[in-house]
Amino acid sequence: MQENKKPNILYSCYSRKNSEGEQFIAQHNFGFMISGSSEHFIGGEKFVFKPGDFRFFKRNQLTRWTKFPPAGGEYRSISISIDQDTLHSISEEYNLTATGPITGRGRCYWNRITC
């Protein structure tokens with residue numbers, strides 16, 4: 001019987017203090033900023049995310065981050081780690097094929113949306 005694997009979903013919530021850390025991104029990661037802001041340093045570049053921003057980080061990278069709650073509020077974000085088995089299943093289900101490896105920065109974000 002095959003194990004039922006699901007992507008890891010993480011809800012982050014911090015209040016009244018900044019949070020700092022360093023983490024190896026082992027799996028592709030898609031996230032959404034709900035409130036507060038965060039700074040990520042990856043590959044010598046600084047990325048700042050604010051409420052309404054979506055972000056995507058490819059796997060096998062190191063990030064240093066700082067999370068900032070807004071004045072009188074909470075830092076909140078949602079992150080989904082997508083493992084290789086899940087990506088292969090999506091590829092098969094929707095008949096998607098890669099034309100080659102991802103090149104370039106390996107991280108991106110989309111403009112804010114109104115929440």
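Considered as a group, the residues in segment 52-66 that are open to solvent by 60 Å² or more (accessible area, probe 1.4 Å) and of a type outside the set (A, V, I, L, M) include one that is nearest to Thr86 (Cα to Cα), and that residue is Arg59.
Here segment 5-22 is the region considered, the condition is being more than 23 Å from Ile90 (Cα to Cα) and open to solvent by 100 Å² or more (accessible area, probe 1.4 Å), and the residue that is modelled with the highest pLDDT is Glu22. Is segment 84-93 home to any residue that is assigned to a loop (DSSP other than H, G, I, E, B) and either over 23 Å from Asn8 (Cα atoms) or modelled with pLDDT of 85 or more (or both)? Checking segment 84-93: not a single residue is assigned to a loop (DSSP other than H, G, I, E, B) and either over 23 Å from Asn8 (Cα atoms) or modelled with pLDDT of 85 or more (or both).
The values are calculated or read from the model by the stated rules, or taken from the named source; none is laboratory data. Computed from a predicted model, the values in this text were never measured in an experiment. Ligands, DNA and RNA are stripped out before the accessible areas are found, and what is left, the full protein with its side chains, is counted by its heavy atoms. Shrake-Rupley method; radii C 1.70, N 1.55, O 1.52, S 1.80 Å.
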